[in-house]
Amino acid sequence: MTNSCQSVFIAGFFTLTIVGSAAAQGRSHAGDTFKETKVAAWRGDAEVGGKVTDESGKGVPDAKVVFIFGPASDGFFATTKKNGEFSAKDVKAGPWRVQVEAANFVTHRQEITVENKKNMLNVQLKRDNSPELLTRAETLFKEGKNAEARAEYMTVLAAHPELAGINRAIAFTYGRERNHAEALKYLDLALATNPNDSTLLQLAASSATQLGEYPRAMAYLAKIEDASLDNPAPLADAAVNLINKKRSADAITLLDRVILKFPSAADAYFYRGFAKLQAGDNVGGKADLEKFVEIAPPTSGQLAQARELLASLK
């Protein structure tokens, strides 16, 4: 992964504010703390030394070894030498979180307990082939090989759980297979980091509808902000799905929103009229169908059906 991405991952993993002057120096001695305090809470008499290697045992130079002292949520980082060795002196005994990152390697995380002595910490990093796997997954997805693409996506996600966006791609593969239960699982994970993504919300609502989980579907759709819509399709398409499931009241709720936002959207009147007839509201249904016939373009595919329905109401 790129260094810029890794810096974001560190922030998310440790949840702390890095002081620019301290982080830039990369020392593991006095002053090299993430918090601006006179005496760093992590300072003590212990020492941690070790080596960062690749899978062949070769030392990894310039790897960043981040230490966070658990009780204080503060710490420092050390950088490995050409042979992969590093040293962190004057640290406090106790629980620490460690993260090791280097270009083209999977980020390594672990928890350690430092004792009042010289402690050894050897870390072996795995090569990160995620870019290649993602390229292969996208190619497989375009070819319609959903299971194969999903396997590649999941391999990347296992190595980089912080890449939450991959949940979206995995959800799409399940959606293509009409495995709505699994699709929803990964759509929810994707929405956890993108709660206002209207495309994800629409897809989640569609899967929930197919599973018969209508309150859940409506909850997703309620989160789509009308102000963010530039066309009626997200809500109108969901309404059609609900009409097909004979959920006329839910469909009408959505179509009310569509018509309020897009009063000239002719099809919305047709669908709402149909839903009202389905619900037994002939008066309301007739009014909507008449409005549709009035404003619909002559090429509309629903004109003939709307006229037939109106004729049956006379």
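No value in this document is a laboratory result; all are computed from the given coordinates. Keep in mind that what you see is a predicted model, and the values were worked out from it rather than measured. When we count neighbours, we look across all protein chains shown, and the Cβ atoms used for this are built from the backbone with ideal geometry, even at glycine.
Yes/no per residue for (1) farther than 30 Å from residue 170 by Cβ; (2) more than 33 Å from the chain's Cα centre (by Cα):
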site	(1), (2)
60	yes, no
70	yes, no
94	yes, yes
106	no, no
118	yes, yes
124	no, no
The stretch 266-314, residues that are assigned to a loop (DSSP other than H, G, I, E, B), closer than 19 Å to residue 254 by Cβ and of a type in the set (A, V, I, L, M, F, W, C):
279
Count, please, the residues in the stretch 81-118 that happen to be outside any strand (DSSP E or B) and among the hydroxyl-bearing types (Ser, Thr, Tyr).
1
Report those helices (runs of 4 or more DSSP H) wholly inside the stretch 132-219 carrying at least 2 residues which are surrounded by fewer than 20 Cβ atoms within 10 Å (Cβ to Cβ) and aliphatic (A, V, I, L, M).
146-159, 180-193
Among the residues of the stretch 53-75, which ones are among the charged types (D, E, K, R) and over 20 Å from residue 96 (Cβ atoms)?
54, 55, 58, 62
Which is under 15 Å from the mean Cα position of the chain (by Cα), farther than 24 Å from residue 211 by Cβ and not hydroxyl-bearing (Ser, Thr, Tyr), of 163, 187, 157?
163
From 224, 243, 259, which residue is in a loop (DSSP other than H, G, I, E, B), touching a helix residue (DSSP H, G or I) at 6+ places or on another chain (Cβ under 8 Å) and surrounded by 15 or more Cβ atoms within 10 Å (Cβ to Cβ)?
224
Somewhere in the stretch 96-109, is a residue among the acidic types (Asp, Glu) and within 25 Å of residue 161 (Cβ to Cβ)?
yes
